[in-house]
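Below is one structure, written out as structure tokens, with a few remarks after it.
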Amino acid sequence: MSDSLARFRDLRGVGPATEARLHEAGVFTWEALSEVLDAIAAVRSSSGDTLRDLSDQVAALASAAGAAAPGPPDG
């Protein structure tokens, strides 16, 4: 896979704002997006939760932890 910045707006339904959010989350390549989608699909299939359910749970946990935005772990 190429290491160049992917243009996610080429996907139907993805506009500049969504593409920017993906980049802010550290997703810059098609390979990285594929890995994220595979991970989400695995969680959804094992839990039965919808993507909205997962998003709500993550937001609640982040809020409870006082996390304003996801970032890399300190290392």
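The values are calculated or read from the model by the stated rules, or taken from the named source; none is laboratory data. Bear in mind that the values here come from a model prediction, so they are computed numbers and not experimental data. A quick note on method: Cβ atoms are made from the backbone with ideal geometry, for glycine too, and the neighbour counts reach across all protein chains shown. Note: areas computed on protein heavy atoms with side chains; ligands, DNA, RNA excluded. Shrake-Rupley method; radii C 1.70, N 1.55, O 1.52, S 1.80 Å.
Restricting to the range 6-24, count the residues that are in contact with a helix residue (DSSP H, G or I) (Cβ under 8 Å, 6 or more places away or on another chain) and open to solvent by 70 Å² or more (accessible area, probe 1.4 Å).
Within the range 6-24, residues that are in contact with a helix residue (DSSP H, G or I) (Cβ under 8 Å, 6 or more places away or on another chain) and open to solvent by 70 Å² or more (accessible area, probe 1.4 Å) number 3.
Identify all residues within the range 1-14 that are assigned to a helix (DSSP H, G or I) and either of a type in the set (A, V, I, L, M) or within 11 Å of the chain's Cα centre (by Cα) (or both); write none if there are none.
Hits for the range 1-14: nothing passes.
Quick check, is SER55 open to solvent by 70 Å² or more (accessible area, probe 1.4 Å) and modelled with pLDDT under 90?
So SER55 does not fit the description; no.
I'd like the full set of residues that are over 13 Å from the mean Cα position of the chain (by Cα) and part of a loop (DSSP other than H, G, I, E, B), limited to the range 15-54.
Across the range 15-54, the qualifying residues are GLY15, GLY48, ASP49, THR50.
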